[in-house]
């Protein structure tokens, strides 16, 4: 989905309906910051808000996904295109998540191997320090790459308001986590909880 195009379309239709961002937000029981984020292309409405948004703006879901008004002739073609795009995005998210896991595992194994070699083999102190330094750089670099891939592989869903969002890099790194959840603050309701990772934004 082209979030920029969809955002501009939401703004255009909202203005046609003579609604301010605040008025649209109030009708949907969300914050005007969320509406502003959509219109800037900084995010896509979460699943639970798509139908209510379409009802308020008097558009259909297909038009929202397409980011434009559709004629009857275009409707079926666009519906198929949008479905394929959603499936493609989901598959890409899965691949990024798998790649992130592989990178993290290989990095940790490589780093631990270098540390073990430096610890058990006879070598000069300088060479030992160099090897341990390389091990640390490899592990930090690999984990950073894995984190970036994982951050880009979907979104996190708030347990309280079910908003889906992408955390900032700082919040992502600071948040303790399990395999499928991460402790984050929801930008919508402001509550902190173990948010579940979702492959769709």
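The values are calculated or read from the model by the stated rules, or taken from the named source; none is laboratory data. Source: prediction; values computed, not measured. In this analysis, Cβ positions are derived from the backbone assuming ideal geometry, glycine residues included, and neighbour counts consider all displayed protein chains.
Only one residue in 136, 143, 129, 98 is modelled with pLDDT of 90 or more and closer than 24 Å to residue 170 by Cα. Which one?
136
Going residue by residue through segment 67-80, is there one that turns out to be outside any loop (DSSP other than H, G, I, E, B) and within 19 Å of the chain's Cα centre (by Cα)?
Looking through segment 67-80, none of the residues is outside any loop (DSSP other than H, G, I, E, B) and within 19 Å of the chain's Cα centre (by Cα).
Identify all residues within segment 139-150 that are surrounded by fewer than 19 Cβ atoms within 10 Å (Cβ to Cβ) and more than 9 Å from residue 100 (Cα to Cα); write none if there are none.
Hits for segment 139-150 are 140, 141, 144.
Restricting the search to segment 67-106, which residues are more than 22 Å from residue 181 (Cβ to Cβ), surrounded by 14 or more Cβ atoms within 10 Å (Cβ to Cβ) and in contact (Cβ under 8 Å) with a residue 40 or more places away in the chain?
67, 68, 82, 85
Would you mind stating whether residue 19 is outside any helix (DSSP H, G or I) and farther than 30 Å from residue 148 by Cβ?
yes
Pick from segment 137-183 the residues that are in a strand (DSSP E or B) and touching a helix residue (DSSP H, G or I) at 6+ places or on another chain (Cβ under 8 Å): which of them is farthest from residue 196 (Cα to Cα)?
164
For segment 55-66, name all the residues that are part of a helix (DSSP H, G or I), modelled with pLDDT of 90 or more and loosely packed, with under 15 Cβ neighbours inside 10 Å.
Across segment 55-66, the qualifying residue is only 55.
Quick one: in segment 183-196, which of the residues that are surrounded by fewer than 19 Cβ atoms within 10 Å (Cβ to Cβ) and touching a strand residue (DSSP E or B) at 6+ places or on another chain (Cβ under 6 Å) is nearest to residue 92 (Cα to Cα)?
Applying the filter and picking the extreme gives 196.
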